[in-house]
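The next block holds one structure in the form of C-alpha cells; read it before the comments.
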Amino acid sequence: MKRRKTKRKAVTVPISSMGDIAFLLIIFFVLCGSFKKNTVQLEPPKARDIAEIPETQVVVAISDEGEIFVNAQQVSTAMEVEMIVSALLKDKITKKGRTVMFKCDTNIRLKEFEPIIEAIAKGGGQIAAVGKLQEGE
C-alpha cells in the first residue's frame, strides 16, 4: 500500500480584528458590571482613642434612620445579619479573619444596635466598632 503524499496548507488566523474584539469586550464588562459602593451615610460616634482596624470583608452598618446594611446590602432583621455574617465567615479560622466592622450613626440608641451586635457575635464575628476621633482632647 502506498500512501499518497498530500501537501498541507498553512492555516492563517486573521488577527486584525482581535484588538477591536478585546476593546468591545472591555467596554461591555465595564457597562454591564456593577461596582460595589458604600451607600450608607452615617455620622459615627466620637471617641478619645481610636485604633486602626484591620481590613475586613464584612461591614455591618446602621444608618441614622435605623436601616441595617451588611456589605452595603439592606437587611431587615438581626437574624438576617446573623445568617449572613455566619455564611461569610464560615471559612475564616483566625480571629483577625473573623473581624466584622460595625458602623453605627451617632443618633442610634442602644436598644436599636444591641441586637445587631449580638447577631454579629452569634454569627462568629469579632466586632470592631468604628468611631470618629474626638477633636480638642
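Identify the single condition in (1) within 30 Å of D105 (Cα to Cα); (2) in a loop (DSSP other than H, G, I, E, B); (3) at pLDDT 80 or above that A61 does not satisfy, given that it satisfies every other one.
Exception for A61: condition (2).
Scan the range 28-38 and tell me whether some residue there is within 26 Å of G123 (Cα to Cα) and either modelled with pLDDT of 85 or more or not charged (D, E, K, R) (or both).
Checked against the condition, which is being within 26 Å of G123 (Cα to Cα) and either modelled with pLDDT of 85 or more or not charged (D, E, K, R) (or both), the range 28-38 yields at least one hit.
Just to verify a result, which residue in the range 81-111, among those that are in contact with a Gly (Cβ under 6 Å, 6 or more places away or on another chain), in contact (Cβ under 8 Å) with a residue 40 or more places away in the chain and assigned to a helix (DSSP H, G or I), is farthest from V60 (Cα to Cα)?
E82
The values are calculated or read from the model by the stated rules, or taken from the named source; none is laboratory data. Quick caveat, the model's predicted, so the values are computed rather than measured. Cβ coordinates were reconstructed from backbone atoms using ideal geometry, including for glycine residues, and neighbour counts include every protein chain displayed.
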